[in-house]
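Only one structure is covered here, and it is reproduced in the block below.
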């Protein structure tokens, strides 16, 4: 079984630009969550997608948006980049059920905004 | 905000058991206790979870007190590769996991 893969692994953007990060879910998973992790902090929940619809959102502005595709892969888009958007962006997939929510994380995409 | 309290850091001698405590005094009856760890520059890795009973898998054991207000993650024989930040999370099923700052475990040779 393949794990969660994210691309690109590293990227550098300038303030005001837009960025798209991609994530392939683990086989058999139907839910994708995105997290932002600033240096020295724990991951912060951005949003979750299930059945191609946003299904929960953390305290992030609308310029953070996402998509989930029929194959359960996902994209995170960030518009009008700010310096504080520099962080490790983590994608996690899971199988939605009535029980525990066990996430499998990817290695992350490290974004630097200059 | 995270619903758990963990020590900022801990040290453990290689080969000894590492016991990582977590306080979750406001846990509700249907909330799970999850443990993840994050090795430097990698994504978090799932370790174990439990609801009411103690749990054990190939990585660790999870001991939950009878009142469920605290728990302990036990790594039975810590190795240098277990050096990481360990996160204790309390959450209902299918709700987003909220990470705190975790415990930085340093395993010392």
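Rule-based calculations on the coordinates, nothing more; no lab input. The structure presented is a predicted model; accordingly, all values stated were derived computationally and were not measured. Here the Cβ positions follow ideal geometry from the backbone for every residue, glycine too, while neighbour counts run over all protein chains shown.
Of the residues A:27, A:7, which is within 27 Å of residue B:40 (Cβ to Cβ) and over 10 Å from the mean Cα position of the chain (by Cα)? Don't jump to the end; show me each part of the working.
Details: A:27 fails: within 27 Å of residue B:40 (Cβ to Cβ).
None of the others qualify; the one that does is A:7.
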Residue A:110: passes all of (1) without any contact (Cβ under 8 Å) to a residue 12 or more places away in the chain; (2) within 13 Å of another protein chain (Cβ to nearest Cβ) but (1)
Over the range A:52-97, the set of residues assigned to a loop (DSSP other than H, G, I, E, B) and within 13 Å of another protein chain (Cβ to nearest Cβ) is A:58, A:59, A:60, A:95, A:96, A:97
Exception for residue B:41 within (1) surrounded by fewer than 14 Cβ atoms within 10 Å (Cβ to Cβ); (2) within 11 Å of another protein chain (Cβ to nearest Cβ); (3) touching a strand residue (DSSP E or B) at 6+ places or on another chain (Cβ under 7 Å) falls at (3)
Residue A:59 meets each of (1) without any contact (Cβ under 8 Å) to a residue 40 or more places away in the chain; (2) in contact with a strand residue (DSSP E or B) (Cβ under 6 Å, 6 or more places away or on another chain); (3) closer than 27 Å to residue B:8 by Cα with one exception, condition (2)
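Given the structure, is residue A:42 free of Cβ contacts under 8 Å to residues at least 12 places away in the same chain, out of contact with any helix residue (DSSP H, G or I) (no Cβ under 7 Å at 6 or more places or on another chain), within 13 Å of chain B (Cβ to nearest Cβ) and surrounded by 19 or more Cβ atoms within 10 Å (Cβ to Cβ)?
On the way: free of Cβ contacts under 8 Å to residues at least 12 places away in the same chain: yes; out of contact with any helix residue (DSSP H, G or I) (no Cβ under 7 Å at 6 or more places or on another chain): yes; within 13 Å of chain B (Cβ to nearest Cβ): yes; surrounded by 19 or more Cβ atoms within 10 Å (Cβ to Cβ): yes.
Yes: the conditions hold for residue A:42.
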key: Yes/no for residue A:28 being out of contact with any strand residue (DSSP E or B) (no Cβ under 8 Å at 6 or more places or on another chain), part of a loop (DSSP other than H, G, I, E, B), under 21 Å from residue B:97 (Cβ atoms) and touching a residue at least 60 places away in the same chain (Cβ under 8 Å)   = yes
